[in-house]
Structure formats: structure tokens, C-alpha cells
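Asks: The structure that follows is given in the form of C-alpha cells.
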Amino acid sequence: MTRLLIVGGLTIDRFADGTSAPGGSVIHSGRAAIAEDAEVTILTIAGDEPEAAIGLGELSELGDLIHQLAPSTVTFGHDEIDGRRILTYLAGTGAIEPPLFTDPPEAALLAPIADELPARALIALRDTARPRVTVILIQGWLRRLRIGEPVRPMELDEVPPATWAAFGTADAIIVSTEDVAESPENPLAEAAALRERLGQHPVLVLTLGAHGYLLDDPAAGHVVVSAPPRIVEGVSMVGAGDAFGVAMAMQLGRGAGAAAAAAAATDRVIGMLEGRRS
């Protein structure tokens, strides 16, 4: 089994109907990793709220859990306006402090959802975990977060240079076009703006929702826009980006090239979404 390390904060999601539930990339990624036949270690940070306890219980069933206790758990309010999901930032958490790892994983997926993984922690994780491959879902770093206000994408120039430098040490960066403020109507322009800041090392995958992804692999010397072989409609897309990230990390960790890894990740997401129709 391939060893996979997943890092990110747990969330509490509060919905308009008054219900609440645990969430966050660590949960969705952990579920997807089980489908990839991975040996999973999950490093997360959360408080002691009842919803957090439920989420931590699920995470402990998905793999080895390293839980760092914080005064509170990242909390988002969920609403929908004209069919578009609106997140409101209700509470934050602390910063993840990388522990020592004795058994380096083949792959690491770093997927913060707010500001729980600063650049210094990102670099420290690379040094302590020593994964063969590091894949980063960078949406958490691209969010403008103010307590009580809707979450909005940051301008790329608002992201500190130290954070871009840390991203540049990764093997692959994955981000949705919805999380990038610049040129939302032009994915090629978004990819060029990201590449300018990332440098020439990491593979860049810009996901385009149901329309596929844009792959910029420096080793290939060109950008590829790939449409999915089929589109799954009428099901929730929650967790699709996390499942894509897990599959991409696992494939790269097993030695696949970037193009093959992205194609396999697409197939995995399609299979997951089709399973929701049954």
C-alpha cells in the first residue's frame, strides 16, 4: 500500500437550515484516499466542539490521526445565492506545528482550508515528513478571511512572497479557477499568472469544474487543456477537488508522469460522482 500523508484543518460547517456538520479537505481527502487503497496518516488541527469530535472520530477510522488541539475549529457558514455557494468565515483556529515523522510517506497532500498552515509550517513539513512527492491544494492560501464576512479570493499579489517561494518547492500545485481572482474568464491567463509566481519547478493543475483541467508541466514544455471524457450532472460536487488531489498525489507518488496522473485523477473523480447517483 502507498503511504499518504494528508495535512489540513478540520472545519465545522453551519448551514442555513440550522444544522451543522464536520467538514474540510482532510475529511474529503481521507475518504478518497481509502478508495485509492492508501495507508493514510492525517495531521489536523481542531478544537473540542461536538462537531469537531464527530469529525475527529471519522478521521481516526480513516487512518492514523495526529490531532493538534486548538482553542477553536475553523467554522464556515454555508449559504447559496443564485445557485452559487457562499461561505462566511465564522471562526479560526491555530497554526499546525509539524511533528517528527519516523516513516517518510511516498506522497503528501497539503490541503489547508483557511490560515492553519503558514509558509514556515509548509517548509517544516517538507523537512520533517520527507515525502517522495508533495502536492499542494492552495485554495486556503488564496482566501481573504475576515471573521463574520464572506470568503473572497485574494489577488495573487496579496499572497506573501515567502508563501509563493514555499509553493515553488512542491512537486505539484492544484487550484480551482474559482479560487483565483485574476482573469476568471481566461484560464490560460490565470495559469500564466500563477506560473510567474511559482517558478519553473512544480507541475500546475488549474481545475475548471465540470469542464476538466489545464495542465502546465514544465517538463513537457507546453500547456494542455483537457476535457473530461464524460460529465456527471445532478450530483453534489463537494469533495471533488480533494479527490482529484488525492488521486494526483498517489499517482505521482507511484511514479506516474504528470499527464497520466491528471488523467487518472479525472477518472477517479468521475467514478466518485457517478457513485453518488446510485
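Derivation of every value follows stated rules applied to the coordinates shown; laboratory data play no part. Just so it is clear, the structure is predicted and the values come from calculations on it, not from any experiment. Using ideal geometry, Cβ is built from the backbone for each residue, glycine included, and neighbour counts are taken over all protein chains shown.
Asks: Please indicate, with yes or no, whether at least one residue in segment 98-105 is under 17 Å from the mean Cα position of the chain (by Cα) and closer than 24 Å to ALA33 by Cβ.
Replies: If we filter segment 98-105 for residues that are under 17 Å from the mean Cα position of the chain (by Cα), which is where we start, we get none.
Scanning segment 98-105 turns up no residue that is under 17 Å from the mean Cα position of the chain (by Cα) and closer than 24 Å to ALA33 by Cβ.
Asks: Name the strands (runs of 3 or more DSSP E) wholly inside segment 38-128 in which the number of residues that are basic (Lys, Arg) and within 22 Å of LEU142 (Cβ to Cβ) is 1 or more. Give the derivation first.
Replies: Details: elements: 38-46, 64-69, 74-81, 84-91, 107-110.
The qualifying strands (runs of 3 or more DSSP E) are 84-91.
Asks: Only residues that are buried (at least 19 other Cβ atoms within 10 Å of the Cβ) and not charged (D, E, K, R): list them for segment 42-56, please. Don't jump to the end; show me each part of the working.
Replies: Within segment 42-56, the first condition is being buried (at least 19 other Cβ atoms within 10 Å of the Cβ), and the residues that meet it are 42-47, 51-52, 55-56.
Hits for segment 42-56 are ILE42, LEU43, THR44, ILE45, ALA46, GLY47, ALA52, GLY55, LEU56.
Asks: Can you pull out every residue in segment 136-182 that is among the charged types (D, E, K, R) and more than 17 Å from the chain's Cα centre (by Cα)? Quick ask: steps written out before the conclusion?
Replies: Taking segment 136-182 first, the residues among the charged types (D, E, K, R) are 143-144, 146, 149, 152, 155, 157-158, 171, 178-179, 182.
Within segment 136-182, ARG146, GLU149, GLU155, ASP157, GLU158, GLU182 meet the criteria.
Asks: Looking at GLY234, is it surrounded by fewer than 22 Cβ atoms within 10 Å (Cβ to Cβ), on the phi > 0 side of the Ramachandran plot and within 21 Å of the chain's Cα centre (by Cα)? Walk me through how you get there before you give the answer.
Replies: Numbers: surrounded by fewer than 22 Cβ atoms within 10 Å (Cβ to Cβ): yes; on the phi > 0 side of the Ramachandran plot: yes; within 21 Å of the chain's Cα centre (by Cα): no.
Answer is no for this residue.
Asks: Since VAL224 meets every condition but one in (1) aliphatic (A, V, I, L, M); (2) over 18 Å from the mean Cα position of the chain (by Cα); (3) surrounded by 22 or more Cβ atoms within 10 Å (Cβ to Cβ), which condition does it not meet?
Replies: (3)
Asks: Let me ask you something else. I'm checking my understanding of the structure. Among residues of segment 137-171 that are among the hydrophobic types (A, V, I, L, M, F, W, C) and outside any helix (DSSP H, G or I), which one is farthest from TYR213 (Cα to Cα)?
Replies: The first filter runs over segment 137-171 and keeps only residues among the hydrophobic types (A, V, I, L, M, F, W, C), leaving 137-138, 141-142, 145, 147, 151, 154, 156, 159, 162, 164-167, 170.
Filter once more, so that each one left must be outside any helix (DSSP H, G or I): 137, 145, 147, 151, 154, 159, 170.
On the way: LEU137: 14, LEU145: 26, ILE147: 32, VAL151: 23, MET154: 21, VAL159: 23, ALA170: 19 Å.
Checking each candidate, the answer is ILE147.
Asks: Filter segment 40-59 down to the residues that are more than 17 Å from ASP242 (Cα to Cα) and in contact with a Ser or Thr (Cβ under 7 Å, 6 or more places away or on another chain) and list them by number.
Replies: Taking segment 40-59 as the starting set, the residues that turn out to be more than 17 Å from ASP242 (Cα to Cα) are 45-54, 56-57.
Scanning segment 40-59 gives ILE45, ALA46, GLY47, GLU49, GLU51, ALA52.
Asks: Also: Counting only residues that are more than 21 Å from ILE34 (Cβ to Cβ) and touching a strand residue (DSSP E or B) at 6+ places or on another chain (Cβ under 9 Å), give me the helices (runs of 4 or more DSSP H) lying completely in segment 172-278 with at least 3 of them. Give the steps one after another, and end with the answer.
Replies: Working: elements: 187-198, 240-253, 258-275.
It comes to 187-198, 258-275.
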